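Working notes for the structure below.
The values are calculated or read from the model by the stated rules, or taken from the named source; none is laboratory data. This structure is a prediction, so every number in the text was calculated from the model and none was measured. Neighbour counts are summed over all protein chains in view; Cβ atoms, including those assigned to glycine, are modelled from backbone coordinates with ideal geometry. These area figures cover heavy atoms from the full protein model, side chains too; ligands, DNA and RNA do not enter into them. Shrake-Rupley method; radii C 1.70, N 1.55, O 1.52, S 1.80 Å.
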Amino acid sequence: MTRKPPHRTPRPEPEETPVVLPHAVITVTETGVLNVTLDGADVPHPEGTAWTRSTFGPLLDALTRDRTTTVRIEVHENDGSMFTDVIRARRRTTPGPPDAPAETETEPAARATSRSKRRPDLVEVTGEGFVPGEDVAAAVIVFHTDATSTGDARALLDRERLRSLLSGGGEVMLFGRISGTIHVRRLP
């Protein structure tokens, strides 16, 4: 009788799991200028101007390298209060399967039809009053979107994918992770 070796889960690659997250410290001055450091090194504005509250979105993009790196953020307000958050990198999208070869005589036509791409039935949900560039959650949390430079947010939802969750004219919530802005919209 032979024994099976124990099943071991492979360890993640080092680039997938950072040992220490990059640490950004943002200190807000009385004039609204942001002093920014990343792991102790100053982060200058790329245009040579100062970071301000209105450039907070582009600052987050710069710190996270356009959301490719997860970063721990500490914001120290000039009134002594402090806010801490982790800005996560976006999930990597994996490419879909390569195009299927042409149908063979032994392959049923129904199988080829199931591989065809369907057009999504989208519903638009909008809200205003978000901090420019902040992470905005769409709940039931299906994905995250970013606020535009004007503080508006937009989410496109695939009705077919969410039909079971939203039967009976469900609701969708947009939640600003930094501003705390919440918008609840009833679906038609």
Next item on the list: Tell me which residues, restricted to segment 75-87, are exposed (fewer than 15 other Cβ atoms within 10 Å of the Cβ) and farther than 13 Å from I178 by Cβ.
Entry: N78, D79, G80, S81, M82
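Can you tell me how many residues in segment 139-152 are over 14 Å from F56 (Cα atoms) and modelled with pLDDT of 85 or more? Spell out how you get there, then give the answer.
To start, the set of residues in segment 139-152 that are over 14 Å from F56 (Cα atoms) comprises 139-145, 152.
Still in the list and also modelled with pLDDT of 85 or more: 152.
The number of residues fulfilling the criteria is 1.
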Checklist line | Identity of the residue in segment 163-178, open to solvent by less than 30 Å² (accessible area, probe 1.4 Å) and modelled with pLDDT of 70 or more, that ends up farthest from F130 (Cα to Cα) | finding: V172
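Quick test for you: out of T31, T69, pick the one residue that is among the β-branched types (V, I, T) and open to solvent by less than 70 Å² (accessible area, probe 1.4 Å). Outline the logic, then answer.
On the way: T31 fails: open to solvent by less than 70 Å² (accessible area, probe 1.4 Å).
None of the others qualify; the one that does is T69.
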Next item on the list: Within segment 51-65, work out how many residues are among the acidic types (D, E) and open to solvent by less than 40 Å² (accessible area, probe 1.4 Å).
Entry: 0
Notebook entry, point to check: Out of segment 41-62, which residues are assigned to a helix (DSSP H, G or I), closer than 15 Å to H76 by Cβ and of a type in the set (A, V, I, L, M, F, W, C)?
Noted result: F56, L59
